[in-house]
1. Two decimals, Cα atoms only, Kirkwood Rh: what is Rg/Rh over the chain?
2. For the chain, what is the percent of antiparallel DSSP beta bridges, rounded to the nearest 5?
3. Stretch F133-V185 to full length: gain in nm at 0.36 nm per residue minus the Cα-Cα span?
4. Roughly how many Å is it from the Cα centre of the stretch 109-139 to that of the stretch 150-206, as a whole number?
5. Based on alpha-carbon positions alone, could you give the equivalent ellipsoid semi-axes of the stretch 112-184 from the gyration tensor, as √(5λ), descending, whole Å?
6. Hey, with R₀ at 41 Å, roughly what FRET efficiency would N44 and V106 work out to, going by the Cβ-Cβ distance, to 0.05?
7. For the stretch 2-170, what is Rg from Cα atoms divided by 2.2 N^0.38 Å, rounded to two decimals?
8. I need the peptides 283-293, 247-257 ranked by packing, meaning the mean over residues of other C-beta atoms within 10 angstrom, with the highest value on top.
Amino acid sequence: MSVLVFADSTDGKFKKNAFEVVSYGKKVAEQLDSNVVVLTINANNTEALYTYGADKVFAVSHDALSIFNAKAYASVIKQVSDAQDSTVVILDSSIDTLHLAPLLAVALDAGYASNVVALPTSISPFTVKRKAFSNKAYSHTLISTDKKIIGVAQNSYGVFESPVAGTTESFDAVIADSGVKSEKVERITGKVTIADAEVVVSAGRGLKGPENWGMIEELADVLGAATACSKPVSDLGWRPHGEHVGQTGKPVATNLYIAIGISGAIQHLAGINASKVKVVINTDPEAPFFKAADYGVVGDAFEVVPKLIEKLKAFKQA
Ligand code: FAD
């Protein structure tokens, strides 16, 4: 019996998500009086996972898995789960993982709970707390199947060190033809993506036009942040659709979300309220965003943002 964690990686490198799910898996294994095993696919430096409690890492390396394929990845996870007699499988909540999890649930005949924000509140019956209704509520979900899959919501549990003298073993998985093959992936290079960012600088219609985004990009550069925007901004073609966040756009669960010239409509807040610290800069003190924010600046973005950039640059230099 074991708890299996899939630690995802990009270009061989682990992201924070991987350390978060391993930290989570370690604790679930303790709750179940079981052991934690970790699966990696085409990852380098698997030793990095030992710091978070990964006693045993199974490393799968295969060219056919270099580009994500939901069916193929689900099949590999199932093979390791079967071999390790895993009763619980732990995943992150990236877009890719949200695609593979239902396939894995069918293959394992397992119950799957996504968007889980905390350790199981009970082992028997097995109950987890999840985000619901666009982060406006929590659902306490009971998984009654023998095998269980938990999708941990990004940034909800945290990363905890629990160093062990782990070992890594290669695992020979059978890679079946999934019928779908991505030939190439073109990445937007040199930019932090919203999914990977710890900090997001986001702007709305208050910026008046696309010509004013220079200061938003500069602020994002200084902070090592990703840029984002409200829906009307991408609808107007001021910014690419990939930057639109909210209920109908991308969800953002960062440590810091800075909203500049965004009113804070419910549909926008639905996508960002899982972020830890929210800062708003808006001329209108009655803007709804102030009610959702941790810190607010009532002021003109065209005055506040350049000053903020100047101060941050001076702070970094010092
Ligand atoms: P506005 O509402 O026009 O607000 C601009 C803000 O900028 C104002 O608060 C103003 O005070 C401030 N401002 C003006 N000048 C300055 C200045 N110089 N300095 C600082 N502040 C200034 N929206 C989303 O964002 N994401 C979604 O996913 C989404 N999904 C939707 C789904 C549905 C079904 C519907 C009906 C709507 C959806 N919307 C979504 C739209 C949403 O309702 C709002 O219309 C939108 O979020 C408003 O965008 P905004 O805040 O950029 O613009």
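Coordinate-derived values only; no laboratory data. Remember, predicted model here, so these are calculated numbers, not experimental data. Every residue, glycine as well, gets a Cβ built from its backbone with ideal geometry; the counts of neighbours run over all protein chains shown.
1. Values: Rg = 21.1 Å, Rh = 20.9 Å.
Rg/Rh: 1.01.
2. Working: 12 of 58 bridges.
If I count the DSSP bridges inside the chain, around 20 percent turn out antiparallel.
3. Working: separation 52, 0.36 × 52 = 18.72 nm, distance 3.26 nm.
Between F133 and V185, full extension yields an extra 15.5 nm.
4. With the stretch 109-139 and the stretch 150-206 each reduced to a Cα centre, they are spaced 21 Å.
5. Values: eigenvalues 162, 84, 51 Å².
Square roots of five times the eigenvalues give 28, 21, 16 Å.
6. Values: r = 31 Å, r/R0 = 0.76.
For R0 = 41 Å, the calculated efficiency reads 0.85.
7. Details: Rg = 14.5 Å, N = 169, 2.2 N^0.38 = 15.5 Å.
Ratio of Cα Rg to 2.2 N^0.38 Å: 0.94.
8. Numbers: 283-293: 16.0, 247-257: 20.1.
Per-residue mean Cβ counts within 10 Å order the peptides as 247-257, 283-293.
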